[in-house]
Amino acid sequence: MTASADTELDELYRDLDAVDLRPLWTITEQLLTPAPRPRAVPWLWSAETMKPLARRAIRLVPVERGGERRVLSLQNPGLGGLPYAAGTLWGALQCLGPRESAPAHRHSPGAIRFVLEGSGVWTTVDGDACDMHPGDLVLTPAYAWHDHVNGGDSEMFWFDGLDLPVVEALDAIFFEGYPGPGEQQPEPAEHNRSERAHTGGGLHAGHVDGPLDPAHSPLLVYRWTDTDARLTELAALDDDPLTVVEFTNPVTGASVLPTLSCAVHRVRGGARSAPVRRAGNAVVVVYRGRGSSVIDQKRFDWGPGDMFVVPSWSAVEHAADEQADLFVLSDAPILRALGIYREQTLAGPQAVTDRFTPR
Ligand code: GTQ
Ligand code: FE2
């Protein structure tokens, strides 16, 4: 190249930059990567670390207007200070002390709660008071009014999962405090209305790969006794290391929220699951059992109450020292709705598979 051509090219880049134009040929490899390159890293937060800090927060930080909710968010160290578990998922530990309540509000991000410990709390969702016991899943869909009330004398701990980073990326965050008169929605005479209207159903063997639904499930609470019974029933049918149940809309069979999938993965004691990678991020909450997971060659040992992140397209396998139940939150419904979901099984009892699922 001649010196003058060089200068002309330099000038072109300068002139493009001056008018806010960016040549794709200089950045295409960063943009169109052969596979996802999530900024979130595989990471684990142990219950042993989180619980004493949450207890200190219960002692020192009251929950009231202004503070609103006592929540410790999982801040993935790969995300440069963003308070997100992964690029698309909010994950957090929320706690309430005896007789405390978190004020009612609503927002455009949708949320789920998976209960870890305690009793006596209910979350009121658009007027329906949903009692919370360990292992239960409670939905607070987008724009639903919600507040948490501890009517008992024990401390309560649960996992919060939200699609907040996605709604934020869409520039569509809305939040509103409850207009009152009180800080909480009125307590209905009878709790668990949605549960009485939709008894049975809502548990799908394996992950949902059928219907998509832009509406949320009308059933707002899924009981651990039902989940446990279904997992036990399914695990008895084969010797697979992993048994999966996804919570579903009992009417349509779709994932519980249009954006979020919730499932429990039961790992047989002494067994190891086949390595798999999926497009989309996941947060795993250990409900019961002990074991370890290998995520992109890094090993994480876990026990009850631990939480860890499986970033998009990271190969993951779980091994259980004793039977383990892992609650798994993912953004799969969004990818499926867009026709870009993909998963690969890398080895194990199934042949190596690569599944694309266009809409
Ligand atoms: O309990 O309403 O972890 O609004 C983040 C945002 C919990 C809640 C979170 C929320 C809540
Ligand atoms: Fe909320």
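The table for this structure:
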{"quantity": "Rounded to the nearest 20 debye, dipole of the stretch 8-164 from Cβ charges on Lys, Arg, Asp, Glu", "calculated": "640 debye"}
{"quantity": "Relative contact order of the stretch 131-264, defined on C-alpha pairs under 8 angstrom at six or more residues apart (%)", "calculated": "30 percent"}
{"quantity": "Sum of -39500 (n - 2.57) over DSSP H runs of 4+, divided by residues of the chain (222 nm, nearest 500)", "calculated": "-5000 deg cm²/dmol"}
{"quantity": "Rounded percent of accessible protein surface that carbon and sulfur make up, the chain, 1.4 Å probe", "calculated": "54 percent"}
{"quantity": "GNM result for the chain, Cα springs below 10 Å: residue of PHE114, PHE157, PHE175 fluctuating most strongly", "calculated": "PHE175"}
{"quantity": "3J(HN,Hα) from dihedral phi, the stretch 86-103, Karplus parametrisation 6.51/-1.76/1.60, rounded to Hz, x for glycine, proline", "calculated": "8, x, 10, 10, 8, x, 7, 9, 10, 9, 10, x, x, 6, 8, 9, 9, x"}
{"quantity": "Degrees, to the nearest 10: 224-235 long Cα axis against longest axis of the chain", "calculated": "60 degrees"}
{"quantity": "Largest-first ordering by accessible area, 1.4 Å probe, given options ASP238, ASP226, ASP136, ASP213", "calculated": "ASP226, ASP238, ASP213, ASP136"}
{"quantity": "Contact order relative to length of the stretch 259-314, as percent, for alpha carbon pairs under 8 angstrom and 6 or more apart", "calculated": "37 percent"}
{"quantity": "Derived scalar couplings ³J(HN,Hα) [the stretch 311-319; Karplus, 6.51 cos²θ - 1.76 cosθ + 1.60; whole Hz; x for Gly, Pro]", "calculated": "x, 3, 6, 7, 5, 9, 9, 10, 10"}
{"quantity": "FRET efficiency, 1/(1 + (r/R0)^6) with R0 51 Å, evaluated for LEU72 and ALA5 via beta carbons", "calculated": "0.30"}
{"quantity": "Solvent-accessible area of THR26 with every protein chain in place, 1.4 Å probe, in Å² to the nearest 10", "calculated": "70 Å²"}
{"quantity": "Separation between Cα centres of the stretch 56-107 and the stretch 321-349, rounded to whole Å", "calculated": "26 Å"}
{"quantity": "Debye-sum result for the chain in log10 I(q)/I(0), which assumes one identical scatterer on each alpha carbon, at q = 0.08, 0.09, 0.11 Å⁻¹", "calculated": "-0.42, -0.52, -0.75"}
{"quantity": "Amide H contacts under 5 Å for LEU203, placed H, 5+ residues apart", "calculated": "THR248"}
{"quantity": "Label-point gap, in nm, between GLU176 and ALA18 - each point 7 angstrom along Cα→Cβ", "calculated": "5.0 nm"}
{"quantity": "Accessible surface, per residue, of the chain when the full set of protein chains is kept, probe 1.4 Å, Å²", "calculated": "47 Å²"}
{"quantity": "Amide H within-cut-off set for ALA315, under 5 Å, with H built and near neighbours excluded", "calculated": "ASP296"}
{"quantity": "Karplus 3J(HN,Hα) series, Hz, for the stretch 295-306 with 6.51 cos²θ - 1.76 cosθ + 1.60 (x for Gly, Pro)", "calculated": "10, 6, 6, 9, 9, 10, 8, 9, x, x, x, 6"}
{"quantity": "For the stretch 40-125, the spread of Cα positions along each principal axis, largest first, Å", "calculated": "37, 32, 23"}
{"quantity": "Accessible area in the full protein assembly, largest first, 1.4 Å probe, for THR357, THR248, THR199", "calculated": "THR199, THR357, THR248"}
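The values are calculated or read from the model by the stated rules, or taken from the named source; none is laboratory data. Computed from a predicted model, the values in this text were never measured in an experiment. Ideal geometry is used to build each Cβ from the backbone, glycine not excepted, and the neighbour counts take in all protein chains shown. For the accessible areas, the whole protein counts, side chains as well, though only heavy atoms, and no ligand, DNA or RNA atoms are used. Shrake-Rupley method; radii C 1.70, N 1.55, O 1.52, S 1.80 Å.
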